[in-house]
């Protein structure tokens, strides 16, 4: 099991890293007019770009870790029974894995989709 | 005096919580200065962004259903309320990021000053102008980002 | 008590109503009344208390206790912000009653409540057992294996420069009043959290060059209910009456725990052994 200080270092690092990759993600929506960028063909073209797919996967992983760890911290402060704490830890890890799996599925399937 | 006879394990249910503020202690930020307000906003924006993140993952998964599914999702999100929600997301993510950077610096001891010899009126060294201006920069940039985002979303940019 | 007893007749004389004129200098004191032996029920008792320019909230409470209701339970001792006994919530904010001038509150009604996040005993008196338990758990004393002057031939004194003292001095000013503990948002919900006072004291001993106890190895600090549950809300430092600035101490200790400056302590130890100047 990770020590709490290691978890907090991961929390800081994922937060900082996510900031950069999310900034790139948002800027991609501003290269072309916003509403044009949301057309199905343009979105799929983004997913077909391997580097962009890697970027999206990294956003997914970094934000899932940072967000669910933050939720874990908030929930741990609410109650201190050992059953609650174990439940919170398991819930956040499972939720993290689930959201990463679900998002990765979207990226992989979208990467394989043709236009039209 | 320090050596206890029998070690007692912590019993959460036995500890008296009757006078602990509980959630009210989190939800009322007004009594203790800007740093407490910043903490309150950091928590709220974090939770809001987590909910948005989960929703966004679900929203983008409609790509796998093809163009019709994607367009159906866009009809749901590309509305007035959808755009207003997105403007809120832009503001909260900007605030959370910039305040988070301030906190990373502060929680690693940077920008807090060196300990010294406090004198009347015993103002706290750590609650200095650097922290307050960091909070204000986060709030102002969040507002600017919301204005810019609103212009892009509503202005056809 | 001699000072306040002498003052009270002056206050009472000053409060006598003249014909056609209002009482000058009085406030309404709302005091939280409760007895843990009778369950969780509570009420607020109201007292009109005459004040002068110098009247503190403690003076007002003791006036109410002396002349209105002598069953009011208040904890106090030094009356000069030195003992930390009279901590309470005054108009919603943790303060020392002896150190809070009624005039500075700028309110005709002063509400006195017991400190939150402490168990109630009666009225304004709270139980500090949990607070002191957290304080004891960080071992608030110098730990140094060379401290036994009888057996160690090398040690006659611990050399400490003024700069070394400055590293921890302000944290040693803590009077254990509990105001920071009451203000902390984490303590509000997390009963296992050590609290700003204990963590600041952990830094006080860590930063003291006479100590080589390696407190960073203490599991209760580097724990999910330890130092990592501080989020720098700053409320502790905001309410501290002695300028201890516990938030500063906690963040500096975190800096050591996240290994951003492990070398500070080592340099202090090397100076002590004369290896560097």
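Against the condition at the interface with chain B (Cβ under 10 Å from one of its Cβ atoms), under 22 Å from residue C:71 (Cβ atoms) and either within 19 Å of the chain's Cα centre (by Cα) or free of Cβ contacts under 8 Å to residues at least 40 places away in the same chain (or both), how does residue C:126 come out, does it pass?
Here the answer is yes, as residue C:126 does meet what is asked.
Answer yes or no: is there a residue in the range A:41-52 that is farther than 14 Å from residue B:50 by Cβ, touching a helix residue (DSSP H, G or I) at 6+ places or on another chain (Cβ under 6 Å) and away from every other protein chain (no Cβ under 12 Å).
Looking for residues that are farther than 14 Å from residue B:50 by Cβ, touching a helix residue (DSSP H, G or I) at 6+ places or on another chain (Cβ under 6 Å) and away from every other protein chain (no Cβ under 12 Å), one finds at least one in the range A:41-52, hence yes.
Any idea which residue in the range A:79-88 is surrounded by the fewest Cβ atoms within 10 Å (Cβ to Cβ), counting only those that are within 9 Å of another protein chain (Cβ to nearest Cβ) and assigned to a helix (DSSP H, G or I)?
From the range A:79-88, those within 9 Å of another protein chain (Cβ to nearest Cβ) are A:79-82, A:84-85; that's our starting set.
With assigned to a helix (DSSP H, G or I) added as a condition, the list becomes A:82, A:84-85.
Numbers: A:82: 10, A:84: 14, A:85: 18.
Among those that are within 9 Å of another protein chain (Cβ to nearest Cβ) and assigned to a helix (DSSP H, G or I), it is A:82.
Among the residues that make up the range B:56-71, is at least one of them at negative phi and within 14 Å of chain C (Cβ to nearest Cβ)? So that I can check it myself, show each step before the final result.
Our first condition is that a residue be at negative phi; within the range B:56-71, this holds for B:56-65, B:67-71.
Within this subset, residues satisfying the condition of being within 14 Å of chain C (Cβ to nearest Cβ) are none.
Scanning the range B:56-71, I find no residue that is at negative phi and within 14 Å of chain C (Cβ to nearest Cβ), so the answer is no.
Please find, among B:18, B:9, B:4, the residue that is in a loop (DSSP other than H, G, I, E, B), facing another protein chain (nearest Cβ under 8 Å) and at pLDDT below 90.
Answer to the check: B:18.
Of the residues that make up the range C:221-243, is at least one without any contact (Cβ under 8 Å) to a residue 12 or more places away in the chain and either away from chain B (no Cβ under 11 Å) or outside any helix (DSSP H, G or I) (or both)?
yes
Considering only residues of the range C:188-207 that are part of a loop (DSSP other than H, G, I, E, B) and over 16 Å from the mean Cα position of the chain (by Cα), which is nearest to residue B:23 (Cα to Cα)?
Here the answer is C:190.
Residues that are assigned to a loop (DSSP other than H, G, I, E, B), in contact with a strand residue (DSSP E or B) (Cβ under 9 Å, 6 or more places away or on another chain), modelled with pLDDT under 95 and buried (at least 20 other Cβ atoms within 10 Å of the Cβ): does the range C:108-116 have at least one? First the steps, then the outcome.
The first filter runs over the range C:108-116 and keeps only residues assigned to a loop (DSSP other than H, G, I, E, B), leaving C:108, C:114-116.
Those still in the list that are in contact with a strand residue (DSSP E or B) (Cβ under 9 Å, 6 or more places away or on another chain) too: C:108, C:114-116.
In the following step, the residues that additionally are modelled with pLDDT under 95 were identified as C:108, C:116.
Of the ones still in play, those that are also buried (at least 20 other Cβ atoms within 10 Å of the Cβ) are C:116.
So far as the range C:108-116 goes, yes, one or more of its residues are assigned to a loop (DSSP other than H, G, I, E, B), in contact with a strand residue (DSSP E or B) (Cβ under 9 Å, 6 or more places away or on another chain), modelled with pLDDT under 95 and buried (at least 20 other Cβ atoms within 10 Å of the Cβ).
Quick check on this structure: which one of B:103, B:139, B:88 is within 30 Å of residue C:171 (Cα to Cα) and in contact (Cβ under 8 Å) with a residue 40 or more places away in the chain?
Testing whether each residue is within 30 Å of residue C:171 (Cα to Cα) and in contact (Cβ under 8 Å) with a residue 40 or more places away in the chain leaves just B:103.
Which residues, taken from the range A:1-15, are within 7 Å of another protein chain (Cβ to nearest Cβ) and surrounded by fewer than 17 Cβ atoms within 10 Å (Cβ to Cβ)? Steps first, please.
Step one: filter the range A:1-15 for residues within 7 Å of another protein chain (Cβ to nearest Cβ), giving A:3-5, A:8-9, A:12, A:15.
Those that are within 7 Å of another protein chain (Cβ to nearest Cβ) and surrounded by fewer than 17 Cβ atoms within 10 Å (Cβ to Cβ): A:3, A:9.
Determine if the range C:168-177 includes at least one residue that is closer than 29 Å to residue C:44 by Cα and either crowded, with 24+ Cβ neighbours inside 10 Å or modelled with pLDDT under 90 (or both).
Among the residues of the range C:168-177, at least one is closer than 29 Å to residue C:44 by Cα and either crowded, with 24+ Cβ neighbours inside 10 Å or modelled with pLDDT under 90 (or both), which makes the answer yes.
Listed residues A:60, A:76; which is facing another protein chain (nearest Cβ under 9 Å), touching a residue at least 40 places away in the same chain (Cβ under 8 Å) and surrounded by 17 or more Cβ atoms within 10 Å (Cβ to Cβ)?
A:60 is the lone residue from the list that is facing another protein chain (nearest Cβ under 9 Å), touching a residue at least 40 places away in the same chain (Cβ under 8 Å) and surrounded by 17 or more Cβ atoms within 10 Å (Cβ to Cβ).
Return the residues of the range B:17-47 that are in contact (Cβ under 8 Å) with a residue 24 or more places away in the chain and touching a strand residue (DSSP E or B) at 6+ places or on another chain (Cβ under 6 Å); say none if nothing qualifies.
Correct list: empty.
The values are calculated or read from the model by the stated rules, or taken from the named source; none is laboratory data. Computed from a prediction, not measured in an experiment: that's the story for all the values here. When we count neighbours, we look across all protein chains shown, and the Cβ atoms used for this are built from the backbone with ideal geometry, even at glycine.
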